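What follows is a single structure, written as structure tokens, with notes after it.
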């Protein structure tokens, strides 16, 4: 888990949903399972879609810890270049091309 010195304000349900949707597009089901394992959390969402699994995790951590820091940690992990190992990605100035 990435350590933050500042507390991130709580995000609204709409913000959480949109972030989960965007991150769900950037990952695979297996990678999310690996992510949860690396965070030492059990996915108890019973959700089938990637973004809904992420959304449930975000909602739970915000409720439990009263900060948005865990969401930022997941964003950091999913957007790490090493996360894309094995995927064909070419970065350009303004976009990512697959």
| request: Would you please name the residue that is farthest from the chain's Cα centre (by Cα), looking only at residues in segment 29-59 that are assigned to a loop (DSSP other than H, G, I, E, B) and in contact (Cβ under 8 Å) with a residue 24 or more places away in the chain? | output: 49
| request: Considering only residues that are modelled with pLDDT under 95 and in a loop (DSSP other than H, G, I, E, B), look in segment 11-28 and name the one that is surrounded by the fewest Cβ atoms within 10 Å (Cβ to Cβ). | output: 28
| Residue under evaluation residue 35, criteria (1) within 13 Å of residue 74 (Cα to Cα); (2) touching a helix residue (DSSP H, G or I) at 6+ places or on another chain (Cβ under 8 Å); (3) exposed (fewer than 15 other Cβ atoms within 10 Å of the Cβ), criterion not met | (3)
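The values are calculated or read from the model by the stated rules, or taken from the named source; none is laboratory data. Here the structure is a predicted model, which is why all the values come from computation and not from measurement. In this analysis, Cβ positions are derived from the backbone assuming ideal geometry, glycine residues included, and neighbour counts consider all displayed protein chains.
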